[in-house]
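Mind having a look at this structure? Questions to follow.
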Amino acid sequence: MTGLRQRQKEQRREAIVAAALGLFETQGFAATTVEQIAVQAGVSTPTVFNYFGNKQEILLALVEHADKQAIIDARSQIPDFDNAVDAMCHLESLIVRHELSVLPPAIWRELLPLSMLTAPPEQVSTLNAGLVGEIASLLRELQDRKMLSTTVDVDFVAYFLNDYSSMLFMRLVQADVPDFDGHAQRIRQLTQTLFDGLKP
């Protein structure tokens, strides 16, 4: 019975997330209420709050899932790279593609200016810190493979790369059809310039 309850909980959670995303896409994040999400998902409003504290938490769940999947993919693919710049550019590309697969550019355009005007909530900070930590871990793997200098402060480099990538991501989503080639070129230029000073 426990297995059945768990599956039902997961299905309910997925229904809430799907309903929220559909409403965010059709009427925008700001105009969407938790009550509307509940109706669309076929659950009560208190049920939505049982799973998510607010509608922002639904977005965070989507982005967190996307980032985790990007890291999983990177961990399986990066060992095949023999160039640190290629490896990190590939990671950044995976993160961008996964994040855009869960939230389209229009929603990102609505959300990103809001995050620039207010201090990030603790959950956003935690999510971001987790991603930076994963990037640092991958940089350490490159160090172990003698592709980066062992004297490099990988935590700082991970933080810097994530911040710079986030800024470029904000530019990328300004168009309904993102310029992935231009974005990738700018990421490569920065990464190459940075890593040229980090070679062993």
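Looking only at residues in the stretch 132-183 that are of a type in the set (Ser, Thr, Tyr) and assigned to a helix (DSSP H, G or I), which one is farthest from Asn83 (Cα to Cα)? Walk me through it before giving the result.
First, the residues of the stretch 132-183 that are of a type in the set (Ser, Thr, Tyr): 137, 149-151, 159, 164-166.
If we keep only those that are assigned to a helix (DSSP H, G or I) too, we end up with 137, 159, 164-166.
On the way: Ser137: 16, Tyr159: 20, Tyr164: 20, Ser165: 19, Ser166: 23 Å.
Per the stated criteria, the residue is Ser166.
Pairs please, first residue from the stretch 14-36 and more than 15 Å from Tyr51 (Cα to Cα) and in contact (Cβ under 8 Å) with a residue 60 or more places away in the chain, second anywhere and among the hydroxyl-bearing types (Ser, Thr, Tyr) and surrounded by 13 or more Cβ atoms within 10 Å (Cβ to Cβ), Cβ atoms under 9 Å, 6+ apart in sequence or on different chains.
Phe24/Thr32
If you scan the stretch 53-81, which residues turn out to be out of contact with any Leu (no Cβ under 9 Å at 6 or more places or on another chain) and outside any helix (DSSP H, G or I)?
Matches in the stretch 53-81: Gly53, Asn54.
Identify all residues within the stretch 35-52 that are of a type in the set (A, V, I, L, M, F, W, C), surrounded by 17 or more Cβ atoms within 10 Å (Cβ to Cβ) and part of a helix (DSSP H, G or I); write none if there are none.
Going through the stretch 35-52, the residues of a type in the set (A, V, I, L, M, F, W, C) turn out to be 37-39, 41, 43, 48-49, 52.
Subset that is surrounded by 17 or more Cβ atoms within 10 Å (Cβ to Cβ): 37-38, 41, 43, 48, 52.
Within the stretch 35-52, Ile37, Ala38, Ala41, Val48 qualify.
On to the next question. (1) within 30 Å of Gln192 (Cβ to Cβ); (2) touching a residue at least 12 places away in the same chain (Cβ under 8 Å): which one isn't true of Leu62, the others all being true?
Answer for Leu62: the failing condition is (1).
Here is a follow-up. Name the residue that is modelled with the highest pLDDT, counting only residues in the stretch 125-168 that are under 19 Å from Leu112 (Cα atoms), polar (S, T, N, Q) and loosely packed, with under 15 Cβ neighbours inside 10 Å.
Ser166
Is it true that some residue in the stretch 165-178 is touching a residue at least 12 places away in the same chain (Cβ under 8 Å), in the same structural domain as His65 (by TED's automatic domain parsing) and under 18 Å from Ala74 (Cα atoms)?
Among the residues of the stretch 165-178, at least one is touching a residue at least 12 places away in the same chain (Cβ under 8 Å), in the same structural domain as His65 (by TED's automatic domain parsing) and under 18 Å from Ala74 (Cα atoms), which makes the answer yes.
Next up: Which numbered condition trips up Glu99, out of (1) crowded, with 17+ Cβ neighbours inside 10 Å; (2) in contact with a Pro (Cβ under 7 Å, 6 or more places away or on another chain)?
It fails just one condition, (2).
The values are calculated or read from the model by the stated rules, or taken from the named source; none is laboratory data. The structure displayed is predicted, hence computed values, not measured ones. Neighbour counts run over all protein chains shown; Cβ positions are idealised from the backbone, glycine included.
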